[in-house]
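**Q** Below you'll find the structure I mean.
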Amino acid sequence: MIEERGRVVAVEPGAVWVETVRSTACQSCAARKGCGHAMLDGERAGARANVRALADQSLQVGDQVVLGVPEGLLMRGAVMVYLLPLLLLLGGALIGASLDLKQVDGSAIGGVAGLLVGFLLNRWYSVRHQRDPAMHPRVLRTECPDIATS
């Protein structure tokens, strides 16, 4: 389970909107000085995002919560968003290259067609699973806010 901490900013029946703060793992990485990712990620660190999460318990605005997303769900999403269009682009380019077209490059047309099919399949998958509760983050638990002592 991948977890993220946040603060409840709105409550609706069966769900809450949680504000999370983007953090970076670059501080613990040994290669942070020679990595371009650290520079790019530093630009976005501290940015806030609002996420809708399903909640079984009663929560109030301001509660500190931990959200969870199953690893398998994240992997499936990554395959659908990145790998499927790429494979269809390559497959379309190979099919287009095998066609005997005189006026145009068939691999370019086939590749673009495959990529568009990949995007359409992603859209169909997204709409089909939009209301599936298993595809949404969940509130796993609430956390006590840090109490500052004088």
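**Q** Evaluate E = 1/(1 + (r/R0)^6) for Thr142 and Arg52, where r is the Cβ-Cβ distance and R0 equals 25 Å; express this FRET efficiency to the nearest 0.05.
**A** Details: r = 17 Å, r/R0 = 0.68.
My answer for the efficiency is 0.90.
**Q** Hey, another quick one. Distance in nm between label sites at Ala134 and Arg76, each 7 Å beyond Cα in the beta-carbon direction?
**A** In this crude spin-label approximation the distance works out to 0.5 nm.
**Q** Quick one: 3J(HN,Hα) in Hz for the range 100-105, Karplus 6.51/-1.76/1.60 with θ = phi - 60°, rounded, Gly and Pro as x.
**A** 9, 9, 8, 8, 10, 7
**Q** How high is the FRET efficiency from Ile2 to Asp105, r the C-beta distance, R0 41 Å, rounded to 0.05? All intermediate terms of the calculation are to be shown ahead of the outcome.
**A** Working: r = 42 Å, r/R0 = 1.03.
Once the sixth-power term is evaluated, E becomes 0.45.
Computed from the coordinates by the stated procedures, all read-outs in this text should not be read as laboratory data. Please read these numbers as outputs of a predicted model, since none were measured by experiment. Cβ: placed from backbone, ideal geometry, glycine included. Neighbour counts: every protein chain shown.
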